[in-house]
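First comes the structure, then the notes that go with it.
Just so you know, all these numbers are worked out from the coordinates, no wet-lab data involved. No experiment lies behind these values; they were computed from the predicted model shown. FYI the Cβ positions are ideal-geometry reconstructions off the backbone, even for glycines, and counts take in every protein chain you see.
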Protein chains: 2
Amino acid sequence: MTDLQQPGFSQCNNATLRRTARRLGRFYDEALAPSGLKGTQFGLLFQISVGSEPAMGAIAEALIMDLSALGHTLKPLVRDGYVETFPDKDDRRVKRVRLTPSGQAKLDEAIKLWSVAQRQFEAMVGAERAAKLRATLDEVAALNLELPAAASSG
Amino acid sequence: MTDLQQPGFSQCNNATLRRTARRLGRFYDEALAPSGLKGTQFGLLFQISVGSEPAMGAIAEALIMDLSALGHTLKPLVRDGYVETFPDKDDRRVKRVRLTPSGQAKLDEAIKLWSVAQRQFEAMVGAERAAKLRATLDEVAALNLELPAAASSG
DNA sequence: CGCCGAAAGTGGCACATGCCACTAATTGAA
DNA sequence: TTCAATTAGTGGCATGTGCCACTTTCGGCG
């Protein structure tokens, strides 16, 4: 047996997922490189663009991302002028986010690059299977996962 | 066609994958928390344990991880005494890695915690489906993804 | 043997993420 | 109205990941 990462190097669902995410992330990043955006930034810009000046909390929830992590991730995009924030009219705690014209243009540019990677991926995997995989992943992401209450002492 | 976000908030395979990875990562991290290890560290320790004093390059390849990223990820584990490195006997460029007794003990401890999360996940998704999902993810990770050579100038 | 190019790691830099402690603004109740 | 609890974000800290520029070794050639 030639060791190495046998079929399914690990039974761990989490490890397998992360491993594939690294692989795919590099591929999409490579495709997006000419735009200067990373895959994560592209996804974030896209999410903002489809929302109606979403609040940070709403974005974080949609992306299943920690709110503070979102704040950090947003910084480079604000710095580069792709995104701007402003306080909600009725609740000053709420910070809303929108694309700047420059950000919209950058997103349009990135979408073209993204499409190449997306098509390539679907050509390899099959659009049908890719859709099914995304559906499964969305389903998993929506699970109400909870650790069994550790029966303390009982 | 109005759809767009919600159901499958994005058509992007990469974004969907990362999103689910964040979700699952938090779940496994929560389960592993008592051990002080993160899901990534657990996966790394495990990978090292199943290898024969693997070289860094071999680990990076198995995990589809950038070699320098692996180096960074390894640091906390070395610092905490779970892992140690040593030069290969025949090739001084190669750095090999192994668990320390403390690291093996920590891994054993973590495996118990991991099992809880793993079982819980499989109970929700179904062991069969989970296995199929991992197989699909492994398959995707193994794809020889390449951007179509941008036909520059005619 | 001496040189060149490939291979394996390292370090620095930037961004991705999460948790925790803290601040500010709101809401609900006495 | 006033104060406790809640909600939305921020900042700091630690780790995860990748890319790039280097440095050290190896291996192959002339």
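For this structure, a couple of remarks:
- Residue pairs whose Cβ atoms lie under 6 Å apart, sitting 6 or more positions apart in sequence or on different chains, and linking a residue in region A:28-55 that is facing another protein chain (nearest Cβ under 9 Å) and farther than 24 Å from A:Leu67 by Cβ to a partner that is outside any helix (DSSP H, G or I) and of a type outside the set (Lys, Arg), are A:Ala31/B:Leu147.
- Considering residues of region B:76-96 that are among the β-branched types (Val, Ile, Thr) and in a strand (DSSP E or B) only, the residue nearest to DNA strand D (Cβ to nearest atom): B:Val83
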